[in-house]
Amino acid sequence: MAAVALPALILLGSISVLQVRREQSEVRQRALRTARATALRMREQRMESQALLARLAARPGITALDPAACRSDFSVIDFLPRYADVFLFDASAKLVCSGNTEAENERVSTLARQWAEAALRAGRLQPGVTHEQTFAGQPVMILVAPVQRHGGTIVLLELMSVIGQDALIPGSVITVIDRHRRVVVRSDAPDVWSGRDVGQTSIAALGLGASEGVAEAAGFDGVRRQYGFVTLPELGWTVYVGVESSEIFEPVREMLLNGAAGTVAIAFVVTVMTVALARRIGGPIHALAEAATRADDGTYERVAVLEDPLEIATLTSAFNRMIDRREEADARMRSGERKLKALSDFLLTVQEEERSRIARELHDDLGQSLTALKMDIIGLLNAASPPPALGSTRDRILRTLDAMVTAVQQISSELRPSVLDDLGLVAAIDAEARLFEERWGIECAVSVMGNVELDRDRVTTIYRIVQEALTNIARHSNATRAELSLVNSGDELQVEICDDGRGVTEEEISDPLSLGLIGIRERAALAGGTVAFSGAPGRGTVIAARFPLTAKVRPA
């Protein structure tokens with residue numbers, strides 16, 4: 001019995017150790033993925049906030065420091081709960097107006113306004129620099145933008161309490177620390193930890209000298225956790241996601257104890273029965289093992305059922321039923337995959353058609369109506385001969401109409417650029433490259449070899465792939481230059497987009513959260529093409545797509 005129990009206990013212990021290590025590795029990787037997703041969300045929120053500030057700073061009422069118009073323009077934050085308030089100060093740091101209308105933000109708004117006035121007078125609030133403060137126990141990120149015309153300043157307050165509320169791992173703790181090793185926000189008790197100096201703790205040392213990684217360390221509360229962390233260099237912040245180590249070890253410890261007790265209990269029975277049954281069940285068991293191996297490789301074969309022994313006959317019958325269910329399940333899974341793929345292709349096609357329809361209606365109906373309205377208003381104003389005192393009102397009305405026409409044209413172009421239908425793929429890509437240069441300050445070169453005028457579906461697919469690739473370069477690559485090339489080699493059209501940025505990693509390529517890359521693959525497949533992604537650290541990323549010119553676009 002000892003000869004049976006001892007190896008079993010040793011095996012169980014080894015399995016437990018391996019299980020602990022595997023669980024530890026999996027938890028760390030899940031924590032790292034959560035940290036990446038949180039960092040990405042924070043980066044996108046900051047970009048959205050900066051874009052909102054830029055739009056507000058360009059409003060005529062704000063540039064004129066008009067309190068009434070300012071309150072109207074600031075009403076946009078009522079629809080964005082993550083913003084506590086927005087202030088407009090004149091050149092002397094005097095408050096012109098604010099946008100807060102929520103009672104629960106009143107305390108934070110009052111304290112933040114007082115702090116911002118003092119910081120502006122002391123010259124500590126600089127445009128483009130992100131500040132973090134805690135007001136009334138609420139962590140707040142502060143962004144600043146100048147108002148050029150009269151030297152005013154817009155200050156936007158973004159609440160940070162939402163960070164970590166939708167963590168992907170139950171029981172995880174998300175913590176953000178700034179470059180001064182102070183806590184920006186923590187998902188667990190943020191009012192207790194926000195603003196604390198944690199420079200002497202082991203967790204704070206994890207993010208030094210590394211952009212991301214995983215490790216085990218003691219948290220601020222002394223609890224040991226498995227951590228994944230990611231740094232945001234543009235903010236000087238590090239995002240930590242930790243899962244308590246006890247969550248990993250306790251189930252394995254319980255499994256080890258239960259397994260040891262069970263092993264000792266059945267060791268005697270196993271020893272007695274092994275000799276008696278070895279010869280009788282050896283052949284059938286071997287046949288079942290071979291059939292199971294073939295089933296694992298995708299070949300489903302039934303095993304002949306023997307009448308004796310009864311246990312083997314029962315096992316063989318159950319195995320055959322399992323093989324039948326497995327084969328049916330695989331068939332259903334393949335059918336479901338085909339249906340999902342067809343649905344994905346259909347949705348892409350419908351999306352593009354709907355974009356085109358909305359773009360046409362905006363351009364043809366709303367755009368023309370606004371132009372006609374402008375002409376009518378001009379005629380009405382000229383006929384009425386308004387007094388000179390109303391000249392500024394007349395100009396403001398015309399500027400507003402011009403801005404509305406421009407906005408409609410821009411929305412229409414983003415939905416479906418008219419140049420794509422009027423002048424073709426090359427002109428549309430060239431226009432997109434120029435807009436990319438203006439918007440992001442990244443040089444973009446376009447080269448074309450051969451005739452690339454294709455059918456409408458392929459033209460749309462290639463244009464959307466280029467759009468998505470440029471968006472990824474702007475958001476993630478830290479590049480200074482991008483190159484687009486389209487080459488007609490006779491049998492296929494080759495499309496290549498490359499940059500000189502940080503280089504995409506294999507983890508990012510295979511990450512199910514890399515929705516941009518997934519969208520590029522789906523669009524390429526819909527047009528009968530293929531796409532490959534490659535990257536080298538510090539040397540950039542290459543996206544290479546190939547479209548056979550004889551292949552047909554797959555119907556949605």
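Suppose we filter N100, N105 for residues that are outside any helix (DSSP H, G or I), open to solvent by less than 40 Å² (accessible area, probe 1.4 Å) and modelled with pLDDT under 85; which single one remains? Reasoning before the result, please.
Values: N105 fails: outside any helix (DSSP H, G or I).
Just one listed residue meets the conditions, N100.
Give the residue that is modelled with the highest pLDDT, with candidates limited to residues of segment 446-460 that are in contact with a strand residue (DSSP E or B) (Cβ under 8 Å, 6 or more places away or on another chain) and open to solvent by less than 30 Å² (accessible area, probe 1.4 Å). Outline the logic, then answer.
Of segment 446-460, the ones in contact with a strand residue (DSSP E or B) (Cβ under 8 Å, 6 or more places away or on another chain) are 446-452, 454, 458.
Now narrow it down to the ones that are open to solvent by less than 30 Å² (accessible area, probe 1.4 Å): 452, 458.
Values: V452: 79, R458: 82.
Selected residue: R458.
Within segment 495-515, which residues are polar (S, T, N, Q) and not in a loop (DSSP other than H, G, I, E, B)?
S510
Kindly provide the set of residues from segment 53-77 that are free of Cβ contacts under 8 Å to residues at least 24 places away in the same chain, touching an Asp or Glu at 6+ places or on another chain (Cβ under 8 Å) and open to solvent by 20 Å² or more (accessible area, probe 1.4 Å), ordered by number.
The one that is free of Cβ contacts under 8 Å to residues at least 24 places away in the same chain, touching an Asp or Glu at 6+ places or on another chain (Cβ under 8 Å) and open to solvent by 20 Å² or more (accessible area, probe 1.4 Å): R59.
Tell me which residues, restricted to segment 500-523, are open to solvent by less than 80 Å² (accessible area, probe 1.4 Å), of a type in the set (D, E, K, R), under 17 Å from L40 (Cα atoms) and without any contact (Cβ under 8 Å) to a residue 60 or more places away in the chain. Explain how you work it out, then say what you get.
Residues of segment 500-523 open to solvent by less than 80 Å² (accessible area, probe 1.4 Å): 500-501, 503-505, 508-509, 511, 514, 516-520, 522-523.
Checking the rest, the ones that are also of a type in the set (D, E, K, R) come to 500, 508, 511, 522-523.
Adding the requirement that they be under 17 Å from L40 (Cα atoms) leaves 508, 511.
Matches in segment 500-523: E508 only.
Take segment 405-436 and flag every residue that is at pLDDT 75 or above, touching a helix residue (DSSP H, G or I) at 6+ places or on another chain (Cβ under 8 Å) and part of a helix (DSSP H, G or I). Steps first, please.
Going through segment 405-436, the residues at pLDDT 75 or above turn out to be 423-436.
Cutting the leftovers down to touching a helix residue (DSSP H, G or I) at 6+ places or on another chain (Cβ under 8 Å) gives us 424-425, 427-429, 431-433, 436.
Once the filter is applied, which keeps residues that are at pLDDT 75 or above, touching a helix residue (DSSP H, G or I) at 6+ places or on another chain (Cβ under 8 Å) and part of a helix (DSSP H, G or I), segment 405-436 yields L425, A427, A428, I429, A431, E432, A433, F436.
Answer yes or no: is there a residue in segment 529-543 that is in contact with a Pro (Cβ under 6 Å, 6 or more places away or on another chain), open to solvent by 30 Å² or more (accessible area, probe 1.4 Å) and farther than 30 Å from E234 by Cα. Spell out the reasoning first.
First, the residues of segment 529-543 that are in contact with a Pro (Cβ under 6 Å, 6 or more places away or on another chain): none.
No - not one qualifying residue is present in segment 529-543.
Do we find that V272 is at pLDDT below 70 and open to solvent by 50 Å² or more (accessible area, probe 1.4 Å) in this structure?
Details: at pLDDT below 70: yes; open to solvent by 50 Å² or more (accessible area, probe 1.4 Å): yes.
Considered against the rule, which asks whether it is at pLDDT below 70 and open to solvent by 50 Å² or more (accessible area, probe 1.4 Å), V272 comes out as yes.
Looking at this structure, is G490 open to solvent by 20 Å² or more (accessible area, probe 1.4 Å) and either modelled with pLDDT of 90 or more or not hydrophobic (A, V, I, L, M, F, W, C) (or both)?
In short, yes.
The values are calculated or read from the model by the stated rules, or taken from the named source; none is laboratory data. Since the structure is predicted, the reported quantities are computational estimates derived from the model, not experimental observations. Reconstructed Cβ throughout: ideal geometry from the backbone, glycine too, with neighbour counts over all protein chains shown. Surface areas here come from the heavy atoms of the whole protein model, side chains and all, with no ligands, DNA or RNA. Shrake-Rupley method; radii C 1.70, N 1.55, O 1.52, S 1.80 Å.
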